[in-house]
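*Asks:* Encoded as C-alpha cells, here's the structure I'll be asking about.
The values are calculated or read from the model by the stated rules, or taken from the named source; none is laboratory data. All values derive from a computational prediction rather than experimental measurement. Note that we place each Cβ from the backbone using ideal geometry, even for glycine, and neighbour counts take in every protein chain shown. These area figures cover heavy atoms from the full protein model, side chains too; ligands, DNA and RNA do not enter into them. Shrake-Rupley method; radii C 1.70, N 1.55, O 1.52, S 1.80 Å.
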Amino acid sequence: MFMYYISMMFLSSAALKRMLNFNAPPLKNTTAEPVWKVLIYDRFGQDIISPLLSVKELRDMGITLHLLLHSDRDPIPDVPAIYFVMPTEENTDRICQDLRNQLYESYYLNFISAISRSKLEDIASAALAANAVNQVTKVFDQYLNFITLEDDMFILCNQNKEHISYHAINKPDIMDTDMEAIMDTIVDSLFCFFVTLGAVPIIRCPRGNAAEMVAVKLDKKLRENLRDARNSLFTGDTMGTGQFSFQRPLFVLADRNLDLATPLHHTWTYQALIHDVLDFHLNRVSVEESQGSEASPAGARPKKKNKKSYDLTGADKFWQKHKGSPFPEVAEAVQEELDTYRAQEDEVKHLKSIMGLEGEDDGAISMLSDNTAKLTSAVSSLPELLEKKRLIDLHTNVATAVLDHIKSRKLDVYFEYEEKLMSKSTLDKSLLDIISDPDAGTAEDKMRLFLIYYITSQQPPSEADLEQYKKALVDAGCGLSSLNYIKQWKAFTKMAATPANYGSSGVKPMGLFSRVMNTGSQFVMEGVKNLVLKQHNLPVTRILDNLMEIKSNPETDDYRYFDPKMLRGSESSIPRNKNPFQEAIVFVVGGGNYIEYQNLVDYTKARQGKRVLYGCSELFNAGQFMKQLSQLGQK
C-alpha cells in the first residue's frame, strides 16, 4: 500500500513560497529574474517564516528587504510589497497608514489567520480615502497561524504564548470569558493547521478538561466550513494535492494535566538536552563562547562572554541523524566526524606538498597535466569540506556546552534516578541524599526531582517525611510554591483518574565510555555515566497507540469521538472506523516538550508505514514549566 509522506515543513514552506510569488505557484527551473519586492511582517509572521525559509531563500525569491510592520519604514514607491501579518486592529491601522503615506507601488495583503469583515471594510475605506484602491492588488487569508518546527512537529505560537499557557488555562480564578478566548485562539490555529494539511480529521479527546473544550469548538468550526460549500477550504483545487492516502488522519487531543512528570524530567537525548540546558528557541540555539582558559587578573571584572547562535535545521545531516540519540552517542559521532574530516584535510595538504604547490593558487593547479586529476577532485571537494567543517564546529561547540552542564550538575545521575522513580524500579540511594548533596545540581534540578517523586508516588509521603524533605529543599535554596500547586493538582486528579503509568524503565547503565574516553577526544567524559535508552512509551504515546490501533483500554475507552464530516453531529464514543489509522496527529493542550516528541518519533520508527505528528500549544523546557507551576502555587 502506497503511503504518501506528509511533511509539515514541505507543506508550510510551499504555502509561504506561493505567497511570496504573489499567490501564484512558483515556476520551476526558470532562468528569469524574480520580481524584486519587499516583505513586511509582524512578529507572528517572522516566527512562522524563520524556521522555514532562510534569508538566502527569501533573496532567491526576490525579497530584497524584509521589515517589521511596526518599524520606521521609508517609502519605496516603485516596488510591490507583500504583507504577512495577523489581522489585529493595530496591524490594520498601520496598513491603512501605509496606504495613506503611499509607501509602495502595490500592496499584497496576506493575513496569517482569517480577517473579519469589519476590519476588511476599514482597509477598504482607507484605500478609498488614500486614492489607493488600484494599488491594493490582492487580499488573502493564508491560514498559516502555527509554527512548523520539524517535518512532524508544530507549535501554535511564540508571541503572546503566555495567553494560552498551562498557567493561563489552569488559573483557579479564570473567568469563563477568558477561557472561551483561550480556546478560540487555540482552535483558530488548529483550524489553520488542518487547512494547510488539506484534511478533515477524526477527533478523539478525553472528557471534562480543556482538551474536550478544544475538540468541541474545532469540530463545530470544521463542520461549519464544510457546510458552506461555496467557501469551503476543504474541497476542490486545494485538495488536488492528494496529501493523504486512502484514510483520514486521527487527531488526538491530550491535556497537559494527564502527565506533569515528563515536562519536569531530566533528559538524555541530544535535542531535548539542548532545549533543557541551553537557550534553544524556534530551531536556533545560543551558546556562550568560552573565552580561553586564562584567568582574569585579581580584582578585574570577569570578561563578558560572547553569545554565538546556530541554526539547527533539516539541511544539517548530522542533526537529522542524531537529534534523538542519547548524548554519549552524539559525542562519539562528533568525534568520528572530526577524525574523518582531519584525514581528508591532511590528504589535500599532502597532495599539494608533493606537487610543490604549497601556496599556489587553484588556477595554476588545474592547468597541470593528467596526474593532477586526483588533486583537482580533492580541491573541488573543498567547499563540501568547508561546510562539513562548519557543521562539525557547530556540534562540537553545542555538545561541549551541553556536556559542561551534564558534568557540573550531575544530570546523568538525575536522569537515571528519575527514570527509576517513573518506572517504579528499586532505588539505589535515598532521595534525601541527592537533595542534600551540595555538588549535585542546582536548586531547580533538586526541585524537579522531588516533584517527579511526588507526582509518581502511589502513596504521598507522610507528613513527617514531607517536612523533612521540605527542610532539605529549602536548605538547598528551593522555593516551595510549585510543590503547593502539585499537591492541589494531585488531590484533584486522584478524584478524577488513575495516576499516569510511565512504562518499564528505559535505562541500562553501560559502564563508562569507551571510544570517547581516549585521550585524543574533544570531549572529556570522565565520570559521566554511559546510559543507553530502552524504548518505553510515555502516557501521551500510550494513549495515541490505543486510539490509533483501536485497542480497548480503560484509559481511553470513554474518549469522545467527533467526525466533522458527519451531517448530524451525533455524539458517541464509539469509533465508526474499525481499521487502525495510518496517520495521526497528537496535540497537547497546555504545552509540550521534546521528550514527548522524541518518544513519539521512536514509537513511529518501530511501525512500518505509520506517520505521527506532534503539536502543542506552546513548547517549554522544565525551567519555564517550573515557573508556571510556581506562579500557580503562589495563588
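*Asks:* Out of everything in segment 23-58 that is part of a loop (DSSP other than H, G, I, E, B) and of a type in the set (S, T, N, Q), what residue ends up being surrounded by the most Cβ atoms within 10 Å (Cβ to Cβ)?
*Replies:* Ser50
To keep it simple, each residue is scored yes or no on (1) modelled with pLDDT of 95 or more; (2) hydrophobic (A, V, I, L, M, F, W, C); (3) surrounded by 21 or more Cβ atoms within 10 Å (Cβ to Cβ).
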| position | (1), (2), (3) |
| --- | --- |
| Arg223 | no, no, no |
| Gly236 | no, no, no |
| Thr241 | no, no, no |
| Pro249 | no, no, yes |
| Val252 | yes, yes, yes |
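*Asks:* With segment 370-454 as the region, which helices (runs of 4 or more DSSP H) entirely inside it contain at least 1 residues that are on the phi < 0 side of the Ramachandran plot, at pLDDT 90 or above and aromatic (Phe, Trp, Tyr)?
*Replies:* Answer list for segment 370-454: 411-422.
*Asks:* Looking at Asp219, Asp188, which one is out of contact with any strand residue (DSSP E or B) (no Cβ under 6 Å at 6 or more places or on another chain), touching a residue at least 24 places away in the same chain (Cβ under 8 Å) and either closer than 23 Å to Val612 by Cα or crowded, with 19+ Cβ neighbours inside 10 Å (or both)? Before you say what the answer is, go through the steps one by one.
*Replies:* Numbers: Asp219 fails: out of contact with any strand residue (DSSP E or B) (no Cβ under 6 Å at 6 or more places or on another chain).
Of the residues listed, the single one that is out of contact with any strand residue (DSSP E or B) (no Cβ under 6 Å at 6 or more places or on another chain), touching a residue at least 24 places away in the same chain (Cβ under 8 Å) and either closer than 23 Å to Val612 by Cα or crowded, with 19+ Cβ neighbours inside 10 Å (or both) is Asp188.
*Asks:* Shifting gears a bit: Mind counting the residues in segment 332-349 that are open to solvent by less than 20 Å² (accessible area, probe 1.4 Å) and either closer than 22 Å to Thr400 by Cβ or outside any helix (DSSP H, G or I) (or both)?
*Replies:* Of the residues in segment 332-349, 5 are open to solvent by less than 20 Å² (accessible area, probe 1.4 Å) and either closer than 22 Å to Thr400 by Cβ or outside any helix (DSSP H, G or I) (or both).
*Asks:* With respect to Pro328, is the statement that it is at pLDDT below 85 and more than 30 Å from Leu53 (Cα to Cα) true?
*Replies:* no
One line per residue, one yes/no per condition, for (1) closer than 30 Å to Gln271 by Cβ; (2) open to solvent by less than 50 Å² (accessible area, probe 1.4 Å); (3) in contact (Cβ under 8 Å) with a residue 60 or more places away in the chain:
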{"position": "Met86", "(1), (2), (3)": "yes, yes, no"}
{"position": "Gln102", "(1), (2), (3)": "no, no, no"}
{"position": "Ile112", "(1), (2), (3)": "yes, yes, yes"}
{"position": "Ala126", "(1), (2), (3)": "no, yes, no"}
{"position": "Ala132", "(1), (2), (3)": "no, yes, no"}
{"position": "Asp141", "(1), (2), (3)": "no, no, no"}
{"position": "Leu149", "(1), (2), (3)": "yes, yes, yes"}
{"position": "Met153", "(1), (2), (3)": "yes, yes, yes"}
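*Asks:* Would you please name the residue that is nearest to Ser481 (Cα to Cα), looking only at residues in segment 398-454 that are among the β-branched types (Val, Ile, Thr) and either in contact with a His (Cβ under 8 Å, 6 or more places away or on another chain) or without any contact (Cβ under 8 Å) to a residue 40 or more places away in the chain (or both)?
*Replies:* Here the residue is Ile452.
*Asks:* I'd like to know if segment 68-77 contains one or more residues that are of a type in the set (Ser, Thr, Tyr) and either crowded, with 20+ Cβ neighbours inside 10 Å or assigned to a strand (DSSP E or B) (or both).
*Replies:* Checking segment 68-77: not a single residue is of a type in the set (Ser, Thr, Tyr) and either crowded, with 20+ Cβ neighbours inside 10 Å or assigned to a strand (DSSP E or B) (or both).
*Asks:* Something else now. Quickly run through segment 248-281 and pick out the residues that are of a type in the set (S, T, N, Q) and either on the phi > 0 side of the Ramachandran plot or part of a helix (DSSP H, G or I) (or both). Step through it out loud before you land on a result.
*Replies:* Let us first name the residues in segment 248-281 that are of a type in the set (S, T, N, Q), namely 257, 262, 267, 269, 271.
Result: Asn257, Thr262, Gln271.
*Asks:* Would you mind finding the one in Gly569, Gly623, Gly615, Gly591 that is more than 14 Å from the chain's Cα centre (by Cα) and either hydroxyl-bearing (Ser, Thr, Tyr) or at pLDDT 90 or above (or both)?
*Replies:* Gly623
*Asks:* Please work out which residue is modelled with the lowest pLDDT, limiting yourself to segment 282-321 and to residues that are surrounded by 12 or more Cβ atoms within 10 Å (Cβ to Cβ) and assigned to a strand (DSSP E or B).
*Replies:* Selected residue: Glu288.
*Asks:* Would you confirm whether any residue within segment 459-471 is in contact with a helix residue (DSSP H, G or I) (Cβ under 8 Å, 6 or more places away or on another chain), assigned to a loop (DSSP other than H, G, I, E, B) and open to solvent by 10 Å² or more (accessible area, probe 1.4 Å)? Please lay out each step first, then the result.
*Replies:* First pass over segment 459-471, keeping only residues in contact with a helix residue (DSSP H, G or I) (Cβ under 8 Å, 6 or more places away or on another chain): 460-461, 468-470.
Retained after the next criterion (residues that are assigned to a loop (DSSP other than H, G, I, E, B)): 460-461.
Next cut, open to solvent by 10 Å² or more (accessible area, probe 1.4 Å) only: 460-461.
Yes: one or more hits.
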